[in-house]
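The values are calculated or read from the model by the stated rules, or taken from the named source; none is laboratory data. For clarity, every value in this text was computed on a predicted model and none was experimentally measured. Methodologically, a virtual Cβ is constructed for each residue, glycine included, from the backbone with ideal geometry; neighbour enumeration extends over all protein chains shown.
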Amino acid sequence: MALPDLSSRQLRAFLALAELRNFTRAAQACHLSQPAFSALIRTLEASLDVRLFDRSTRSVQLTPEGRRFEPAARQLMQDLRLALGDLADHAQRRRGRVHVAALPSLAAGWLPQLFADFRARWPGVELALSDLLSDPCLDLVRNGQADFALAAGGARPADAGELRARLLVTDRFHLVCRADHPLAQAPRLTLRKLAPWPFIHMRRHSSVRQTLEAALHPLAMNTVLEVEQLATVTGMVEAGLGISVVPALTLYQFQRRTLVTRPLPLPAGSSRRIYLVQRREGSLSAAAQALHDLVIERFAGRPGA
């Protein structure tokens with residue numbers, strides 16, 4: 001059975017007449033002339049193929065079919081008001097949800113203040129964060145579970161298929177060592193000067209390790225430990241177990257009096273690239289677009305952006 005075409009104006013007219021039982025007063029309540037109001041009621045009854053009102057010179061009454069339709073009409077109008085209100089709230093970012101996937105180093109060091117600033121502007125928007133390595137971040141975006149990702153790569157992490165990537169910043173590398181280490185005061189750092197010293201490496205699946213190994217090739221470091229987390233690197237270096245090389249965006253983890261960080265000259269093109277990755281097709285929600293734009297705005301002012 002084909003559904004009839006009903007408009008909100010028809011439903012409002014029906015409910016006004018059902019309540020006021022007078023065409024003149026109901027037309028005034030709907031801000032319509034009486035002929036225009038009467039035409040709305042006639043077209044509604046024609047669309048439904050049923051008489052909704054009994055009319056006489058003295059009164060207007062709902063028919064049995066009209067009484068049956070009245071609660072459904074009220075529910076339809078209530079649902080429409082709620083749907084439109086919810087849509088307006090999301091469009092104006094009074095409500096909504098944004099899910100970001102990001103590298104742990106960005107999630108811990110750079111995103112907290114940005115999230116705080118976003119929440120201050122739009123407190124009704126729920127924020128969700130997945131702090132993962134680059135490949136799982138991209139999977140979340142690809143599967144539609146995250147709105148966008150902040151991921152790393154030596155080249156574009158997603159330049160084909162269903163994802164697109166925008167370069168945000170190139171992240172240079174720094175030596176980190178104890179303040180009493182000979183390299184802390186070495187006049188000029190080179191990769192060859194680092195090679196003999198015990199080295200704390202990230203695991204091979206991390207973007208830091210992959211970028212660094214590409215820059216070091218064919219030079220091999222004197223690796224004594226491989227760890228998962230940059231916080232672990234901090235502790236191991238501070239304990240004197242070795243030196244390490246880390247991206248500039250992670251230096252907040254090494255701000256200790258016992259440690260020294262120094263820019264490390266690497267071959268051209270050996271920086272870690274940070275990308276904003278999103279699905280190629282489809283648009284972001286109003287809330288996700290606002291956070292997306294804020295990320296780009298903040299990164300635009302960083303060195304290497």
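The figures follow:
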{"read-out": "Top-ranked residue of the stretch 160-203 - restricted to ones that are free of Cβ contacts under 8 Å to residues at least 24 places away in the same chain and assigned to a loop (DSSP other than H, G, I, E, B), ranked as nearest to R256 (Cα to Cα)", "value": "D180"}
{"read-out": "Within the stretch 241-272, considering residues that are under 28 Å from R119 (Cβ atoms) and out of contact with any helix residue (DSSP H, G or I) (no Cβ under 7 Å at 6 or more places or on another chain), the one surrounded by the most Cβ atoms within 10 Å (Cβ to Cβ)", "value": "A248"}
{"read-out": "The one condition in (1) within 20 Å of L133 (Cβ to Cβ); (2) at pLDDT 90 or above; (3) in a helix (DSSP H, G or I); (4) in contact with a helix residue (DSSP H, G or I) (Cβ under 9 Å, 6 or more places away or on another chain) that A231 fails to fulfil", "value": "(2)"}
{"read-out": "Within the stretch 16-122, strands (runs of 3 or more DSSP E) holding 2 or more residues that are touching a His at 6+ places or on another chain (Cβ under 9 Å)", "value": "96-102"}
{"read-out": "Selection count where residues are over 19 Å from L80 (Cα atoms) and surrounded by 12 or more Cβ atoms within 10 Å (Cβ to Cβ), scope the stretch 1-17", "value": "1"}
{"read-out": "Options L251, L276: the member that is within 20 Å of A151 (Cβ to Cβ), out of contact with any Pro (no Cβ under 7 Å at 6 or more places or on another chain), part of a helix (DSSP H, G or I) and of a type in the set (A, V, I, L, M, F, W, C)", "value": "L251"}
{"read-out": "In the stretch 188-207, the residues that are within 17 Å of L132 (Cβ to Cβ), crowded, with 17+ Cβ neighbours inside 10 Å and touching a Lys or Arg at 6+ places or on another chain (Cβ under 7 Å)", "value": "M202, S207"}
{"read-out": "From the options F254, F299, residue that is aromatic (F, W, Y), over 24 Å from the mean Cα position of the chain (by Cα) and under 22 Å from G109 (Cα atoms)", "value": "F254"}
{"read-out": "Filter result (hydrophobic (A, V, I, L, M, F, W, C), at pLDDT 90 or above and under 26 Å from R209 (Cα atoms)) within the stretch 275-305", "value": "L276, V277, V295, I296"}
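Let's see how each residue does on (1) exposed (fewer than 12 other Cβ atoms within 10 Å of the Cβ); (2) in contact with a Pro (Cβ under 8 Å, 6 or more places away or on another chain); (3) in contact (Cβ under 8 Å) with a residue 60 or more places away in the chain; (4) under 20 Å from Q75 (Cβ atoms):
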residue: R21; (1), (2), (3), (4): no, no, no, no
residue: P35; (1), (2), (3), (4): yes, no, no, no
residue: A39; (1), (2), (3), (4): no, no, no, no
residue: V50; (1), (2), (3), (4): no, no, no, yes
residue: S56; (1), (2), (3), (4): yes, no, no, no
residue: S59; (1), (2), (3), (4): yes, no, no, no
residue: T63; (1), (2), (3), (4): no, no, no, yes
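One line per residue, one yes/no per condition, for (1) of a type in the set (A, V, I, L, M); (2) out of contact with any strand residue (DSSP E or B) (no Cβ under 9 Å at 6 or more places or on another chain); (3) under 29 Å from V295 (Cβ atoms):
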| site | (1), (2), (3) |
| --- | --- |
| V208 | yes, no, yes |
| L212 | yes, no, yes |
| A215 | yes, no, yes |
| A220 | yes, yes, no |
| L230 | yes, no, yes |
| M236 | yes, no, no |
| L249 | yes, no, yes |
| Y252 | no, yes, yes |
| R272 | no, no, yes |
